[in-house]
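The next block holds one structure in the form of structure tokens; read it before the comments.
The values are calculated or read from the model by the stated rules, or taken from the named source; none is laboratory data. Note that the coordinates shown come from a computational prediction; the quantities given were computed from them, not determined experimentally. Virtual Cβ from ideal backbone geometry, glycine too; neighbours counted across all protein chains shown. The protein model used for the area step is the full one, side chains on, heavy atoms only, and it has no ligands, DNA or RNA in it. Shrake-Rupley method; radii C 1.70, N 1.55, O 1.52, S 1.80 Å.
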Amino acid sequence: QVRMVESGGGLVQVGGSLRLSCTTPELDLSDFAMGWFRQAPGKEREDVACISIAGTNYADSVKGRFTISKDNARNTLYLQMNSLKPEDTAMYFCAADPFVNYCGGPPSAYKHWGQGTQVTVSS
């Protein structure tokens with residue numbers, strides 16, 4: 001089974017920044033739409049951001065603070081997170097969608113997931 005590998009999580013104070021990374025040796029990420037998701041304890045998984053040939057999409061809660069990008073030369077997906085808030089605390093997952101043209105679909109469209117990286121924002 002193909003697994004994405006996330007890294008870059010950690011403990012940060014409110015207003016701080018982190019950059020998450022996601023990659024896998026098994027897939028060429030240029031062939032996929034890519035997404036970031038998060039899940040906090042006791043809450044449902046939510047969409048954070050995604051990137052496809054059509055462009056990028058962001059959840060309203062992170063617009064202006066988070067930036068999703070992809071470096072094809074490194075076969076790596078990134079999520080730059082600035083101005084972090086306590087409500088950003090969650091396990092963050094990256095995922096790959098074989099339909100490269102659009103990334104506005106449901107989480108079920110993403111076929112390859114990672115184990116997640118924990119982000120904790122302290123006040």
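Checking the structure you have, find out if any residue of region 23-33 is assigned to a helix (DSSP H, G or I), exposed (fewer than 14 other Cβ atoms within 10 Å of the Cβ) and more than 11 Å from the chain's Cα centre (by Cα). Steps first, please.
Kept after step one, since they are assigned to a helix (DSSP H, G or I), are these residues of region 23-33: 29-31.
Imposing the further condition that a residue be exposed (fewer than 14 other Cβ atoms within 10 Å of the Cβ) reduces the set to 30-31.
With more than 11 Å from the chain's Cα centre (by Cα) added as a condition, the list becomes 30-31.
Within region 23-33, one or more residues are assigned to a helix (DSSP H, G or I), exposed (fewer than 14 other Cβ atoms within 10 Å of the Cβ) and more than 11 Å from the chain's Cα centre (by Cα).
Which residue is farthest from the chain's Cα centre (by Cα), if the candidates are limited to region 64-74 and must be part of a loop (DSSP other than H, G, I, E, B) and over 17 Å from residue 14 (Cα atoms)? Give the steps one after another, and end with the answer.
Here is the first cut: in region 64-74, the residues part of a loop (DSSP other than H, G, I, E, B) are 64-65, 72-74.
From what is left, the residues that are over 17 Å from residue 14 (Cα atoms) are 72-74.
Numbers: 72: 16, 73: 19, 74: 16 Å.
So, considering only residues that are part of a loop (DSSP other than H, G, I, E, B) and over 17 Å from residue 14 (Cα atoms), the one farthest from the chain's Cα centre (by Cα) is 73.
Taking residue 12 as meeting all but one of (1) open to solvent by 70 Å² or more (accessible area, probe 1.4 Å); (2) in contact (Cβ under 8 Å) with a residue 40 or more places away in the chain; (3) over 15 Å from the mean Cα position of the chain (by Cα), write down the number of the exception.
(1)
When both residues are 6+ apart or on different chains and their Cβ atoms are under 8 Å apart, which pairs have a first residue that lies in region 85-102 and is under 18 Å from residue 64 (Cα atoms) and acidic (Asp, Glu), and a second that is assigned to a loop (DSSP other than H, G, I, E, B) and open to solvent by 40 Å² or more (accessible area, probe 1.4 Å)?
Final answer for the pair search is 87/61.
Identify the residue in region 75-113 that is part of a strand (DSSP E or B) and open to solvent by 30 Å² or more (accessible area, probe 1.4 Å) and, among all such residues, is nearest to residue 39 (Cα to Cα).
Taking region 75-113 first, the residues part of a strand (DSSP E or B) are 76-81, 90-97, 112-113.
Of the ones still in play, those that are also open to solvent by 30 Å² or more (accessible area, probe 1.4 Å) are 80, 91, 93, 112-113.
Details: 80: 17, 91: 5, 93: 8, 112: 17, 113: 13 Å.
Residue satisfying both the conditions and the ranking: 91.
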